[in-house]
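Data block below; observations after.
Just so it is clear, none of the values below were taken in a lab; they were calculated from the coordinates. Treat the numbers as computed from the prediction; the structure is a model and nothing was measured.
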Amino acid sequence: MNVSLTPNLDGRSCRCRMACSYWRRPLDAAGRARSRAIAPLRAPVERTFAILKRWYGYRRVRYRSLVKNALQLQLLAVAMNLAALWC
């Protein structure tokens, strides 16, 4: 599978990770430019996960089963969507 390392910002899909600096190895100019290009795509998703963690208490999973945890996450997403509609 050939995965491109550059983001496809026109199609609003991105298959690459946001680059980060490590201890004693700061980002170069290309890494900073790529991070700035990806940041608008990541911001809405990160905000949604922050709301799940802060308001709905989804810091840790409650159940051992993957199916039960997937159902809980879907129900939380439904609750977030309903709250967004009513507000």
Mind listing just one residue for me: the one in the range 24-68 that is under 20 Å from Ala84 (Cα atoms) and basic (Lys, Arg) and, of those, farthest from the chain's Cα centre (by Cα)?
Arg54
Scope the range 47-65; condition aromatic (Phe, Trp, Tyr) and part of a helix (DSSP H, G or I); matching residues:
Phe49
